[in-house]
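Each remark here refers to the structure printed beneath this line.
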Amino acid sequence: MTVAASLPSPTQLEADSAPSPFEAAWDAIRTSLRRTCGARTFDGWLKPVKLVGFDSDDATIRLAAPSDFMANWVETHFAEQLLQAWRSMLPQVARVAIGTDTSGAVLFSTVEPEAAARLQPESIAPAPVEAAEHGFEARYSFDTFVVGKANEVAYNAARTLAEGGALGFNPLFLHGGTGLGKTHLMHAIGQEFLARQPGARVIYMSAEKFMYEFVAAMRAKDTHSFKARLRAADILMIDDVQFIAGKESTQEEFFHTMNEIISAGRRLVITADRSPQDLEGIESRILSRLSWGLVADVNPADFELRLNIILKKLESMPQAQVPNDVVMFLARRISANIRELEGALNRVVAYSLLSGHAIDMEFTQETLADILRATQRRITIDEIQRRVCDHYRIKQAEMSSARRAREVARPRQIAMYLAKQLTPRSLPEIGRRFGGRDHTTVIHAVKQIEKLRQTDAELDADVRLLMRQLES
Ligand code: ADP
Ligand code: MG
């Protein structure tokens, strides 16, 4: 069974749209992929993939992604899975080929020779069957996890646990905000553990799935075998347990099961978006049991870690040319979480490959306009005044004073100008914050600075610097 790597000429394709059995199969495959690979991966990568048709000449299903980059990605990560899914529905399918769809016309031939070489069957990511069967994402490994101050404790604990030696702690409880790498670490633990001990029983599931399966087992009056299966695991990992907190009957059972797992000496890993103490409605005896283990938090990444993560991601995107200023800009501006950072980088790269436009600052800002607006830090007038006063070495009281001497009047005007540019405050509000000045004074200041920026290079440089400082 091979996955097609050949890129046939478009003439081989049927002119009509796909015949209905194929369309129906594709619908079903998409639904099941969405379930198995998660909504996030599915929406980002698989959802845009279209069914082009079935080529009966070579028994090939042709799919099209919106860009070469996405086509490669889908090919690398999902070729095997797609082929199996197709064959299970329609055994006559021998191959799946993924091409690129540019503006409606499918151009399988646009893939460059070296990209085509990457698509050879033997180069398709050989995710270990073991790990793949467990549903782990190959790209969520320890190798791709970038370590920094924010996550080093969690990382080291995860590694220790995955290495399988004697453990000084159990369970491992990882907590932190969304998009900071908790799930990534769990997949990495699972894959590393399996790589060292092939055949080990590793169970990973979301708390939601746990709940769902548990309730189903209760309905079937067979919670025994469900629990027995979990107890038999060498490592049991339950992701996002905050979903269970509060759901009383499941919660009770869940924590009983956890207890049994720990008592049986099995490795248990739990993640949540908050610390054990902050999980509401959980009995204190269970809480203390959870806290016996190692509780490690995953913190928001600092600038350095964000930068390193971008650089690491770029290593796996050799086709992307991202200049330094853009890398720095992304690391500086997309700071909420890593998922968002990764999403922003992927979007910029994908759009660039899609449009053929080189990646520069302007392109990046345009492509990410919505994200950038949403992540714009709230800048306050007080902050502006402080920065400006620092810069010009004057007292902050001068912002409200009546003094008209140039050395205080000019900085004051600059501060008003910045307040207008960088905050949503109205002119009268700004005036009030500058010693109760009239809004016409603010208008005058804004106009004045706008004019000076055209003619006075030094002042313009000051304003730019202040803006950069305030926006970072
Ligand atoms: P969480 O489960 O905490 O919400 P995820 O594990 O799903 O977060 O991480 C979100 C995304 O960010 C994933 O694609 C993951 O690979 C990436 N990511 C998070 N932390 C790191 C890191 N330290 N190094 C590399 N990638 C990371
Ligand atoms: Mg997660």
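The values are calculated or read from the model by the stated rules, or taken from the named source; none is laboratory data. Since this is a predicted model, take the numbers as computed values, not measurements. Glycine gets a Cβ as well: all are built from the backbone with ideal geometry, and neighbour counts include every protein chain shown. Keep in mind that these areas ignore ligands, DNA and RNA; they rest on the heavy atoms of the full protein, side chains included. Shrake-Rupley method; radii C 1.70, N 1.55, O 1.52, S 1.80 Å.
Could you grab me the full set of residues in the stretch 148-167 that are more than 16 Å from ligand 2 (Cβ to nearest atom), in contact (Cβ under 8 Å) with a residue 40 or more places away in the chain and assigned to a loop (DSSP other than H, G, I, E, B)?
If the condition is that a residue be more than 16 Å from ligand 2 (Cβ to nearest atom), in contact (Cβ under 8 Å) with a residue 40 or more places away in the chain and assigned to a loop (DSSP other than H, G, I, E, B), then 148, 149, 167 are the ones that fit.
Given 322, 269, which one is of a type in the set (A, V, I, L, M) and either open to solvent by 60 Å² or more (accessible area, probe 1.4 Å) or over 23 Å from residue 203 (Cβ atoms) (or both)?
322
Please return the ranges of helices (runs of 4 or more DSSP H) entirely within the stretch 196-278 where 3 or more residues are polar (S, T, N, Q), at positive phi and away from ligand 1 (no atom under 16 Å from the Cβ).
Passing ranges: none, list empty.
Identify, please: which residue in the stretch 38-92 is acidic (Asp, Glu) and in a helix (DSSP H, G or I) and is, among those, surrounded by the fewest Cβ atoms within 10 Å (Cβ to Cβ)?
43
Please indicate, with yes or no, whether at least one residue in the stretch 348-358 is at pLDDT 90 or above and surrounded by fewer than 15 Cβ atoms within 10 Å (Cβ to Cβ).
Looking for residues that are at pLDDT 90 or above and surrounded by fewer than 15 Cβ atoms within 10 Å (Cβ to Cβ), one finds at least one in the stretch 348-358, hence yes.
Conditions tested, residue by residue: (1) modelled with pLDDT of 75 or more; (2) within 13 Å of ligand 1 (Cβ to nearest atom); (3) touching a Pro at 6+ places or on another chain (Cβ under 9 Å).
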residue	(1), (2), (3)
93	yes, no, no
97	yes, no, yes
112	no, no, no
142	yes, yes, no
151	yes, yes, no
190	yes, yes, no
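Out of curiosity, is residue 327 farther than 30 Å from residue 234 by Cα, away from ligand 1 (no atom under 16 Å from the Cβ) and β-branched (Val, Ile, Thr)?
No: the conditions fail for residue 327.
Out of the stretch 443-462, which residues are among the basic types (Lys, Arg) and in contact with a helix residue (DSSP H, G or I) (Cβ under 7 Å, 6 or more places away or on another chain)?
Selection gives 453 alone.
Scan the stretch 220-237 and give yes if some residue there is open to solvent by less than 40 Å² (accessible area, probe 1.4 Å), within 16 Å of ligand 2 (Cβ to nearest atom) and within 29 Å of residue 309 (Cα to Cα), otherwise no.
Yes: one or more hits.
Determine which member of the set 364, 440, 423 is β-branched (Val, Ile, Thr), open to solvent by 60 Å² or more (accessible area, probe 1.4 Å) and either at pLDDT 95 or above or in contact with a helix residue (DSSP H, G or I) (Cβ under 9 Å, 6 or more places away or on another chain) (or both).
Checking each option against the conditions leaves just 440.
Criterion first (outside any helix (DSSP H, G or I) and under 28 Å from the mean Cα position of the chain (by Cα)) does residue 174 satisfy it?
Taking the combined requirement at face value, the residue satisfies it.
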